[in-house]
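The values are calculated or read from the model by the stated rules, or taken from the named source; none is laboratory data. Given the structure is predicted, the values throughout are model-derived calculations rather than measurements. Cβ sites come from the backbone with ideal geometry, for glycine too, and all protein chains shown count toward neighbours.
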Amino acid sequence: MSRILTQYEDPGAVLEIRTLAERVHDLVRDRILSGGIAAGEPIRQDTLAAEFGISKIPLREALVRLEQGGLVRSQAHRGYVVAALSMTEAEEVFALRLQLEPAAIARGSRIADAAAHRAARTMLMSLDDSIHAGSEDQGRLNRLFHMLLMQPGAGPLTRSFLEQLHTLSERYTRLHLLQTGRESRACEEHREMLDLWIAGEADALEALTRKHILDTLADLRSELSEAGNPD
C-alpha cells in the first residue's frame with residue numbers, strides 16, 4: 001500500500017484524507033482519459049494491481065465507481081472494458097454542458113476576484129503549452145481551465161455535475177484536437193473567453209462559450225460518423 005501513497009502523491013499538495021480506492025480511481029480514470037487504456041480495451045486488473053503495488057480489492061472498488069461514472073463497462077466473463085466512444089453519448093453530454101456551462105461561466109465572470117483571474121491565466125498558459133507540445137495532459141488541463149472559469153458562479157451541485165460532464169467529454173475533446181489546425185482555434189477561443197471573463201463581459205462570454213461547445217460537437221459528429229461510431 002505504501003508504494004501508491006508515495007509514488008503518485010505531490011508532497012506539496014494540501015493534505016486531503018482519501019481512501020486507497022479513491023486514489024486508484026483517479027489513476028485509472030486519468031489513464032483512460034489520456035488514451036493510455038483505449039476505448040474497448042479490457043482493464044487488466046492483475047497488471048494494474050501489480051503496477052500500483054496493491055491488492056485487487058481497492059482496484060475493484062475503483063472500477064465500480066468508474067462504471068457508475070460511465071467510463072468503463074462490466075461484461076460477463078470478460079471483466080471490465082473501457083466504454084466505447086459514441087455519438088449518442090457525446091450528444092447527451094454536450095447538450096447538458098450547453099444547458100449549464102455558458103451560464104455558469106458568465107455568472108463567474110461577474111464575481112471572480114483578482115486571485116481567480118491569476119489562477120485562470122496560469123492555467124491557460126499551462127494548457128497552451130501542453131497543446132503545442134502535444135502532451136497527453138492537455139485534456140485534463142482543458143477540463144481544469146473550464147472548471148476554473150465556472151467555479152465562482154456555480155454552486156457545489158452544479159460544479160460536481162459539470163465536473164462529471166467534463167470528465168465524460170474529455171476523451172471526445174482529445175479526439176477533436178487530433179485534427180490539424182484545431183489546436184490553434186481552441187487556443188484562440190480560450191484566450192478570448194479568458195479576456196471576456198476577466199473583463200466581466202458576461203453576455204458576450206456566454207455566447208462565445210456556447211459557440212465553443214457547439215463547434216466541438218459539430219466536429220465530433222463528423223469524426224464519429226466517419227469512424228463508424230454513431231451509437
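Got a sec? Which of TYR8, TYR80 is surrounded by 15 or more Cβ atoms within 10 Å (Cβ to Cβ), of a type in the set (Phe, Trp, Tyr) and either outside the structural domain of THR216 (by TED's automatic domain parsing) or modelled with pLDDT of 90 or more (or both)?
Testing whether each residue is surrounded by 15 or more Cβ atoms within 10 Å (Cβ to Cβ), of a type in the set (Phe, Trp, Tyr) and either outside the structural domain of THR216 (by TED's automatic domain parsing) or modelled with pLDDT of 90 or more (or both) leaves just TYR80.
Checking ALA120 against (1) of a type in the set (A, V, I, L, M); (2) crowded, with 21+ Cβ neighbours inside 10 Å; (3) within 22 Å of GLU92 (Cα to Cα), which single condition isn't satisfied?
Every listed condition holds for ALA120 apart from (3).
Only residues in the stretch 30-55 that are in contact (Cβ under 8 Å) with a residue 24 or more places away in the chain and under 19 Å from ALA83 (Cα atoms) count as the first member; pair them with residues that are aromatic (Phe, Trp, Tyr) and not in a helix (DSSP H, G or I), Cβ under 6 angstrom, at least 6 apart or cross-chain, and list the lot.
These pairs meet every condition: ILE43/TYR80.
I need the helices (runs of 4 or more DSSP H) fully contained in the stretch 97-212, keeping only those with at least 1 residues that are within 22 Å of ARG29 (Cα to Cα).
The helices (runs of 4 or more DSSP H) meeting that bar are 114-133, 138-150, 156-176.
Could you go through the stretch 166-174 and let me know if any residue there is of a type in the set (Ser, Thr, Tyr) and loosely packed, with under 15 Cβ neighbours inside 10 Å.
Within the stretch 166-174, none of the residues are of a type in the set (Ser, Thr, Tyr) and loosely packed, with under 15 Cβ neighbours inside 10 Å.
Return the only residue of LEU124, LEU178 being within 19 Å of the chain's Cα centre (by Cα) and closer than 21 Å to LEU71 by Cβ.
LEU178
Can you work out which of the residues in the stretch 200-226 that are among the aliphatic types (A, V, I, L, M) and without any contact (Cβ under 8 Å) to a residue 12 or more places away in the chain is nearest to LEU96 (Cα to Cα)?
ALA218
Six or more apart or on different chains, Cβ atoms under 8 Å: show the pairs whose first residue is in the stretch 148-169 and under 17 Å from ALA106 (Cα atoms) and of a type outside the set (Val, Ile, Thr) and whose second is at pLDDT below 95 and not in a helix (DSSP H, G or I).
Here the result reads LEU162/ALA154, each pair linking the stretch 148-169 to a residue that is at pLDDT below 95 and not in a helix (DSSP H, G or I).
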